[in-house]
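Data first, discussion second: the structure below is written as structure tokens.
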Amino acid sequence: MSSTPQKQARRQQRVEELCAASIRAISGEANLHFRGKRLYQGEHRLPMHAPHHRIDTAVASFIDCRAAADGMALRLLYSDAKLHKAHCPIKPIARLVFELLEQLRVETLVPARLTGVVANLEQRFERWSHDFYTSGSAEGSSGILLYTVAQMCWARLNARQVLEETEDFIESTRFSLASSMGTALAGLRRNRLDQAAYIPHALAIAELIDNLIEAQRSGQSADNDENNKDDDEDEQKGFALLLDFDQDGDDDGFASARSGTSKAFGENQQGYTVYTTAHDREVSAAGLVRAAQLEAYRERLDAGIAEQGINVQRIARQLAAILATLQRDGWLYGEEEGRIDGRRLAQLVSSPTERRLFYQERQRPVADCVVSILIDCSGSMRHQSEPVAMLADILIRALDMIGASSELLGFTTNTWNGGKPYKEWIRQGRPAYPGRLNEICYLVFKSADRGWRRSRRDIAALLKGDLFREGIDGEAVDWACNRLLARSESRKILMVISDGCPADSATNLTNDAFYLDNHLKEVLARRERQGEVDILGLGVGLDLSPFYRHCLATDMSQVLDNHLFEEIVQLIGHRKRR
């Protein structure tokens, strides 16, 4: 059975694909996609700070996800991001109100023909209001103030009444705000079609609410007793999520790969650099293992695969359905329909009831593709080597059954802690930002020119623990892509199996912690723009979506099952679904 985290990750991926398609259709922007629960335009992340659309796509209902997608599409379509950013307040509460008001503005501009979008947005705001109210977030002085402002502005912009459920609850606060907000409220409705004219009124409301909340908190800290102080602290904790404009969630059961901005990568005019390639090497992995040990590894791998009970033929059929295309393969004669075969017309004279006078084009499915599996052979993957080896072996066998080419590659380093390049860097006086400081070792477990039967013994070299050291992912992805581009197959697929971010201690210490991360992102973005290789990420207990646009998080600690392979097949077939 598939684990709950896998089900949630699969559901999230489907929801995000549908939402991204909706946003592209409404906004007219083609290069939009979700990655790590965030919307991206190319490689630029598009945040959603309006509180009623800050949802977790892994657990929220599809209706809420669709409403958030509609809201983002309208934001892209009707809001000038540069103009908005230029006037956006710095203070968190003022910014929260300003973000909310701009989102409410664009949601009033839905074209009349999109009645479903109107309904989605209205229902989403009502659900958010209900949840905010019933959760107790509106009970404190700051909470009821923010909630009342949201209700008043939404009602005025949409020419509607405030929500009946909480009308009595907010009445006194609404009355107290009416005189100070009246002019600005009228300006919101009057100028909703003109963002530049709308901004001064939105800013006036945002600054008013910020000042009122600041005054409330100052008065409480000066006058209230210890119990009220504790209540105020609890209330502020309740707003922490709303006021954190850079939050990232990991509520799908898998941790997300963490990354950041590399100072060394940005300040170096050459970008990513390599101190020396003199000690790098590419080797056959089987050549690093004694023959007798390799045979023992293979027996162990076969025993492990037998215990899994995987239906390899079924996986092969599923792969054929998404990878194979029909190609012409001669003619079929003696058919009852098709093109008339002139050589058989004489039979019609001698036998008027004869129907087998036609011939048809014969077609057969051909998998004109090559799949490369690139395995992260860093130290942390050592404990996952056996399930990863079984998974790779089963996939390669299934691909071999349908006639698709495949290769199995790995990447590691020759040594720990930098090796010879690091020593050379020390001898040269430790120049700043030296770039990559280690000896790369590329491992070839199976080449694309060899079938599974001829390579099955070599694949077992993955079980040798000494091969697992440190990992430099960006260069490895480039290397694997270049190998694929040298092939003649029409479709080229690279699947990277990893359990974390790039990690090389010497490189990170002499540059910074995100140097290798940023290079991997740069490589993936470049390869995606080129479009020659489909790159997929398979996370081992980790969500790789901060790096890979198309990825799947898996739990290798459990038994491999047919459902996991179905998910992998769906990942491989993502291009066919688009």
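Quick notes on this structure:
- Scope the range 165-203; condition touching a residue at least 60 places away in the same chain (Cβ under 8 Å) and surrounded by 14 or more Cβ atoms within 10 Å (Cβ to Cβ); matching residues: Leu188, Arg192, Gln195, Tyr198, Ile199, Ala202, Leu203
- Test: residue in the range 193-203 that is in contact with a helix residue (DSSP H, G or I) (Cβ under 8 Å, 6 or more places away or on another chain) and either among the charged types (D, E, K, R) or at pLDDT below 90 (or both): no
- Criterion (outside any strand (DSSP E or B), aliphatic (A, V, I, L, M) and open to solvent by 30 Å² or more (accessible area, probe 1.4 Å)) met by exactly one of Ala316, Ala303: Ala303
- Test: residue in the range 420-430 that is of a type in the set (Ser, Thr, Tyr) and farther than 30 Å from Arg487 by Cα: yes
- Of all the listed residues (Ala486, Ala506), the sole one being among the small types (Gly, Ala, Ser) and open to solvent by less than 10 Å² (accessible area, probe 1.4 Å) is Ala506.
- Condition met for Asp234 (at pLDDT below 90 and either surrounded by 15 or more Cβ atoms within 10 Å (Cβ to Cβ) or in a loop (DSSP other than H, G, I, E, B) (or both)): no
- Sole exception among (1) within 29 Å of Val533 (Cβ to Cβ); (2) touching a Pro at 6+ places or on another chain (Cβ under 6 Å) for Trp425, by number: (1)
- Subset of the range 347-379 that is of a type in the set (A, V, I, L, M) and open to solvent by 50 Å² or more (accessible area, probe 1.4 Å) - its residue that is farthest from Val540 (Cα to Cα): Val349
Yes or no, residue by residue, for (1) charged (D, E, K, R); (2) open to solvent by 60 Å² or more (accessible area, probe 1.4 Å):
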| site | (1), (2) |
| --- | --- |
| Asn482 | no, yes |
| Phe514 | no, yes |
| Leu520 | no, no |
| Glu528 | yes, yes |
| Ile568 | no, no |
| Leu571 | no, no |
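- Among the residues listed as Ala73, Ala25, the single one being part of a helix (DSSP H, G or I), open to solvent by 50 Å² or more (accessible area, probe 1.4 Å), farther than 30 Å from Ile213 by Cα and at pLDDT 80 or above: Ala25
- Selection of the range 319-333 for residues being over 33 Å from the mean Cα position of the chain (by Cα) and surrounded by 14 or more Cβ atoms within 10 Å (Cβ to Cβ) yields only Tyr333.
- Scan of the range 530-554 for residues that are more than 16 Å from Gln12 (Cα to Cα) and either loosely packed, with under 15 Cβ neighbours inside 10 Å or acidic (Asp, Glu) (or both), ordered by number: Gln530, Gly531, Glu532, Asp534
- Of all residues in the range 387-402 being in contact (Cβ under 8 Å) with a residue 60 or more places away in the chain and open to solvent by 10 Å² or more (accessible area, probe 1.4 Å), the one that is farthest from Asp368 (Cα to Cα): Pro387
- Residue list for the range 36-70, restricted to those being buried (at least 19 other Cβ atoms within 10 Å of the Cβ), modelled with pLDDT under 85 and touching a strand residue (DSSP E or B) at 6+ places or on another chain (Cβ under 9 Å): Gly36, Lys37, Leu39, Thr57
- Extreme residue, modelled with the highest pLDDT, among residues of the range 259-289 that are open to solvent by 90 Å² or more (accessible area, probe 1.4 Å) and assigned to a helix (DSSP H, G or I): Lys263
- Condition met for Ala206 (buried (at least 20 other Cβ atoms within 10 Å of the Cβ) and either closer than 28 Å to Ala119 by Cα or in contact with an Asp or Glu (Cβ under 9 Å, 6 or more places away or on another chain) (or both)): yes
- Breaking point among (1) small (Gly, Ala, Ser); (2) within 30 Å of Ser488 (Cβ to Cβ); (3) modelled with pLDDT under 95; (4) buried (at least 24 other Cβ atoms within 10 Å of the Cβ), for Gly418: (2)
- Among the helices (runs of 4 or more DSSP H) confined to the range 467-578, the ones with at least 1 residues that are farther than 20 Å from Gly435 by Cα are located at 473-485, 515-530, 562-572, 574-577.
The values are calculated or read from the model by the stated rules, or taken from the named source; none is laboratory data. Quick caveat: nothing in here was measured; it's all calculated off a predicted structure. With ideal geometry, Cβ positions are generated from the backbone for all residues, glycine too; neighbour counts draw on all protein chains shown. What goes into the accessible areas is simple: the full protein's heavy atoms, side chains included, and nothing from ligands, DNA or RNA. Shrake-Rupley method; radii C 1.70, N 1.55, O 1.52, S 1.80 Å.
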